[in-house]
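I have placed the structure first, in the form of structure tokens, so that the comments after it can refer back to it.
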Amino acid sequence: MSKSRSGANHILRCAVTIFAVAIAAPLGAESMDHKAMAGGIMIENAFSRETLPNQPVAGAFMTVTNTNDAGDMLIGGTSTVAGRVEIHEMAMQGDVMKMRALADGLKVQAGETVELKPGGYHVMMFDLNHALKEGETIEITLKFAKAGDVTVPVVVHGKTAQSSHGAHKH
Ligand SMILES: [Cu+2]
């Protein structure tokens, strides 16, 4: 009967984990599944959007919090679904909103939270190896100068919200 005992232990562990996460993230059930923490860097609510079959790029958006005493820099990343990952920003060039890679990375000051969102900073995935589908969870490993790698589950949303991202060319 050791099987049922380990099963009970597992359930207990899960309950403890869920309880601990509930205390750490009282923002609602939505944020519970979508959270990653490594080296003092916390990533929350990471999402992307579904893509068309012939669309080779997609943006990913999330909240990045640096809980450390020193500033850090998001300098790049990798993904299981993309050939290449870059850190981008959207900026006005004359009358046109364009995006560009942040050559030096994205600074996240000590104690600061930076939001990556449509129309602003984002993680850009190139050479997608399949079309992203709504409801799918993909994985991006973000690279920080000091904290190192932070692997983040990224939920793929539908194309419900207006996003200008797909129209951008590289
Ligand atoms: Cu981009």
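The numbers here are math on the coordinates, done by the rules we state, and not lab data. All of these numbers come straight from a predicted model, not from anything done at the bench. Positions of Cβ are generated from backbone atoms using ideal geometry, with glycine treated the same way; all protein chains shown enter the neighbour counts.
Cut-off under 12 Å on the C-alpha distance; same-chain residues fewer than 8 positions from Lys159 excluded. Which aspartates and glutamates are left, in chain and number order?
Of all the aspartates and glutamates, those that pass the test against Lys159 - Cα under 12 Å, at least 8 places apart if same chain - are Glu50, Glu134.
Taking 1 over the mean of 1/r across every pair of different Cα atoms in segment 36-159, what Kirkwood radius in Å do you get?
Answer for segment 36-159: a Kirkwood hydrodynamic radius of 14.5 Å.
Among Lys35, Lys146, which comes first, then next, by fewest other beta-carbon atoms within 10 Å?
Lys146, Lys35
With r defined as the distance between the Cβ atoms of Ala38 and Glu89 and R0 fixed at 22 Å, what FRET efficiency is calculated, to the nearest 0.05?
Efficiency at R0 = 22 Å is approximately 0.40.
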